[in-house]
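Chemist: Input: one structure, supplied below.
No lab work stands behind these numbers, since they all come straight from the coordinates. All figures in this text were calculated on a predicted structure; none of them were measured in a lab. Cβ: placed from backbone, ideal geometry, glycine included. Neighbour counts: every protein chain shown.
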Amino acid sequence: YIDAAFSTRVERRFKELIEAGQDVTLKDIEIDLCRRDTIDSTRAVAPLKKADDAIRVDTTNMTIEEVVNYLHGQIINP
């Protein structure tokens, strides 16, 4: 289960949208992510949550490359 701190997710999404040329604020992103997280985690069918037997990977302080390398290492050399 891949996760990151809320503030990190906000910063990542903000950067992504700014680089795509969108005019957004950090507050816009915070509101949107909070709303989406609530919807995703409370929906009646297939709510987004960590499975009991899943391993949580906190990517808060990792780059995309570090995440890929970590996951690759876990799959190839568990």
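Chemist: For the chain, calculate the relative contact order in percent as a whole number, restricting contacts to Cα pairs under 8 Å that are 6 or more residues apart.
Modeler: Reported as a whole number, the value is 42 percent.
Chemist: Anyone know which of 23, 32, 58 comes out most mobile in the 10 Å Cα GNM of the chain?
Modeler: The residue with the greatest mean-square fluctuation here is 23.
Chemist: Pick from 35, 13, 43 the residue whose mean-square fluctuation is largest in a GNM of the chain, springs joining Cα atoms under 10 Å.
Modeler: 43
Chemist: If the chain between residue 16 and residue 71 were fully stretched, how many nm would it gain, using 0.36 nm times the residue separation less the Cα-Cα distance?
Modeler: 17.5 nm
Chemist: How large is the charge dipole for the chain, taken about the Cα centre, if only the Cβ atoms of Lys, Arg (+1) and Asp, Glu (-1) carry charge, to the nearest 20 debye?
Modeler: On the way: 11 positive and 15 negative charges, 49 e Å.
Roughly 240 debye for the chain.
Chemist: Also, I was wondering about something else. Could you check the spin-label model distance between residue 7 and residue 45? Points 7 Å from the Cα along Cα→Cβ, value in nm.
Modeler: The modelled label-to-label distance comes out at 3.8 nm.
Chemist: Mind computing the radius of gyration and Dmax over the alpha-carbon atoms of the chain? Å is fine for both.
Modeler: Expressed in Å, the Cα Rg and Dmax of the chain come to 14.8, 43.
Chemist: With a point put 7 Å past each Cα toward its Cβ, work out how far residue 58 is from residue 26 in nm, to one decimal.
Modeler: Simple spin-label model gives 2.1 nm for this pair.
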